[in-house]
Amino acid sequence: MLILWILSGALLFLIAFCIFWTWNFRYWKKRGVPGPDPSILYGNTKSLVAEKTSVAYEFDKYYREYYGKAPFIGVYVLRSPHILAIDPDFVKFVLVENFKQFYNNYISDMATTKSEPYIGHSPFLLKDTDWKDTRTQWGPAFTSGKMKALYPILENTCQKMSDFLRLEIANKSKDGVHFRDVSARFTTEVVIDSIFGIEAGTFTNNDIPLCDLGARFLDCFENVVNFFILTAILPILKHLRCFWIITKNIGKSFEDLMKKGMQFRSESNIVRNDFLSFIMDLGSKQNLSLTQMTSHALTVYLDGYETTSITIPLVLYELGRNMEAQEKLREEIIRFESNSGINYESIQEMQYLDQVVNETMRIHPPLIIISKLCTENVTYPVNGKNVMIPKGMTVHIPIFSIHRNENNFQNPEQFIPERFDEANGGSKVFKDKCSFLPFGNGPRICLGMRFALLQVKTSVVEVIRQYRVTVNERTKQPLKLDVGQFFSYPRHGIYLNLEPVKA
């Protein structure tokens, strides 16, 4: 009898769970919004849980199936209804035209300045009008003049990278140079020096505490995927603050670094127009605590590190596969070097360099998807019917798919930098259509865009002017995106051969 009761209870629990899990699965059909049928276990996002493929590929399958059939489709992240943007006009509606209804990022629900004291002041995380106030504060830190003032740090780091590469080449490894490692060293050196006023020593040896700290800091963002999954199952978890991004130990380590940098700057009376001086001035004017100033520093760290460290090896990889483009870029670099030298101004003036970087970020967008929260009810026509997008709904914009859509870019799988030629309108034409979104678009476009691009361009120029780059056979081609990530991490790394260019 007891066994019968247990079996009956288990059956009732299973039935109740199935009802709970599939309760929303007719949400989009009731509203006349097309979309793929959800599976019972995963909805339309098996990649998030099973982690056998990148979510970019899963969303790309739906994007291609429904392109031209609807401005957006309904998908289910596990059991929660979400929107996947399809039409460029709808993307523009969300990011630009109706920005006031979509100004919060999905991750904004994960953190507050109290729950995340070390990262909560990031404009990427802040909600409502707070992001705008912080962005206004930080606008002067990313001007062209500020970037020019930071250029000597990049120039110095390029010299360190060149010395490091000479030693790597001398070792004659059959695997070539692991350029994800090189770009991580380069970016860490630049970011630590410009934010904390300290040389990280990333090119001196293989045991680098600051590189390890940076890696642990970025590893913390794996919690974002957990947040994404669990709040899709139980949305109420968004409001319980049971998730965190930066652990206390890692935050405290950066706080100690901030304290040392500020102390050294004050005692040495060194005057540098870098991010550290900006943060110290901001702290003085607003009476910020050390923790708050560290939070601002980590905002710049995120803006300056991730995009750059991903993009540098990808630019060199594409140039290594496309020798004609590489030679054309080298000729441009030599021409500027002969006329005015390699400096901040000349790097900004190199048009083909800009085209190469843009084309790389088209094929390999640093962030493969961006997700926005609807902040107030709004309607949008779908196949002749106005559909309500309710407050709290998540809209996913699949940048990876948009950039590889043949309707947006002819021969999208081919590396053609000339498609961004200024004579054809440059990148602006595609940005205006919301078909080119490496840094997002609209009022909330990435604040650190200039800093990231300057690092990428400066490092690429340094490598290409000295070396002929080819792809090492250890690099698994075609590149496949890593699973469980929202960034364009190649799953198996990028290994390149460097052959000195004869003078």
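The values are calculated or read from the model by the stated rules, or taken from the named source; none is laboratory data. Every value quoted in this text rests on a predicted model; they were computed, and no experiment measured them. Note that we place each Cβ from the backbone using ideal geometry, even for glycine, and neighbour counts take in every protein chain shown. Keep in mind that these areas ignore ligands, DNA and RNA; they rest on the heavy atoms of the full protein, side chains included. Shrake-Rupley method; radii C 1.70, N 1.55, O 1.52, S 1.80 Å.
Here are the numbers for this structure:
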read-out	value
Failed item in (1) open to solvent by 50 Å² or more (accessible area, probe 1.4 Å); (2) modelled with pLDDT under 95; (3) assigned to a helix (DSSP H, G or I); (4) under 30 Å from Leu230 (Cβ atoms), with Glu65 passing the rest	(2)
Condition check for Thr379: hydroxyl-bearing (Ser, Thr, Tyr) and either in contact with a helix residue (DSSP H, G or I) (Cβ under 6 Å, 6 or more places away or on another chain) or buried (at least 19 other Cβ atoms within 10 Å of the Cβ) (or both)	no
Matching entry among Leu496, Leu479, Leu453 (being closer than 24 Å to Ala56 by Cα and either of a type in the set (Phe, Trp, Tyr) or touching a Pro at 6+ places or on another chain (Cβ under 8 Å) (or both))	Leu479
All positions within the range 96-131 that are among the charged types (D, E, K, R) and either within 18 Å of the chain's Cα centre (by Cα) or over 30 Å from Pro36 (Cα atoms) (or both)	Lys114, Glu116, Lys127, Asp128, Asp130
Odd one out for Lys174 among (1) under 27 Å from Met262 (Cβ atoms); (2) part of a loop (DSSP other than H, G, I, E, B)	(1)
In the range 431-473, the residues that are out of contact with any Asp or Glu (no Cβ under 9 Å at 6 or more places or on another chain) and among the small types (Gly, Ala, Ser)	Ser435, Gly440, Ser459
Tally of residues being at pLDDT 85 or above and within 19 Å of the chain's Cα centre (by Cα) across the range 193-215	0
Matching residues, the range 20-50, being modelled with pLDDT under 70 and open to solvent by 60 Å² or more (accessible area, probe 1.4 Å)	Phe20
Residue check for Phe72: of a type in the set (Phe, Trp, Tyr), surrounded by 21 or more Cβ atoms within 10 Å (Cβ to Cβ), touching a residue at least 60 places away in the same chain (Cβ under 8 Å) and touching a Phe, Trp or Tyr at 6+ places or on another chain (Cβ under 6 Å)	yes
Matching option when the condition is under 30 Å from Pro81 (Cα atoms), of a type in the set (Gly, Ala, Ser), at pLDDT below 95 and open to solvent by less than 10 Å² (accessible area, probe 1.4 Å), among Ser488, Ser401	Ser488
Within the range 332-370, considering residues that are in contact with a Ser or Thr (Cβ under 7 Å, 6 or more places away or on another chain) and open to solvent by 20 Å² or more (accessible area, probe 1.4 Å), the one nearest to Pro81 (Cα to Cα)	His364
Within the range 491-503, considering residues that are closer than 21 Å to Ser54 by Cβ and modelled with pLDDT of 90 or more, the one least open to solvent (accessible area, probe 1.4 Å)	Ile494
Residue selected from the range 404-413 under the condition at negative phi and not charged (D, E, K, R), by the criterion surrounded by the most Cβ atoms within 10 Å (Cβ to Cβ)	Phe409
The one condition in (1) buried (at least 18 other Cβ atoms within 10 Å of the Cβ); (2) within 24 Å of Thr129 (Cα to Cα); (3) within 21 Å of the chain's Cα centre (by Cα) that Phe93 fails to fulfil	(3)
1 or more residues under 28 Å from Lys480 (Cβ atoms): qualifying helices (runs of 4 or more DSSP H) within the range 250-350	290-321, 323-339
Tally, over the range 439-476, of residues that are touching a helix residue (DSSP H, G or I) at 6+ places or on another chain (Cβ under 6 Å), open to solvent by 10 Å² or more (accessible area, probe 1.4 Å) and at pLDDT 95 or above	5
Yes/no for Thr299 being in contact with a His (Cβ under 9 Å, 6 or more places away or on another chain), at pLDDT 85 or above and either β-branched (Val, Ile, Thr) or open to solvent by less than 20 Å² (accessible area, probe 1.4 Å) (or both)	no
Where Lys285 falls short, out of the listed (1) of a type in the set (Lys, Arg); (2) surrounded by fewer than 24 Cβ atoms within 10 Å (Cβ to Cβ); (3) modelled with pLDDT of 95 or more	(3)
Odd one out for Asn269, checked against (1) at pLDDT below 85; (2) surrounded by 13 or more Cβ atoms within 10 Å (Cβ to Cβ)	(2)
Test: residue in the range 141-153 that is within 30 Å of Cys374 (Cβ to Cβ) and modelled with pLDDT of 85 or more	yes
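One line per residue, one yes/no per condition, for (1) open to solvent by 30 Å² or more (accessible area, probe 1.4 Å); (2) touching a strand residue (DSSP E or B) at 6+ places or on another chain (Cβ under 6 Å); (3) under 30 Å from Val77 (Cα atoms):
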residue: Phe415; (1), (2), (3): no, no, no
residue: Glu422; (1), (2), (3): yes, no, no
residue: Gly426; (1), (2), (3): no, no, no
residue: Ser435; (1), (2), (3): no, no, yes
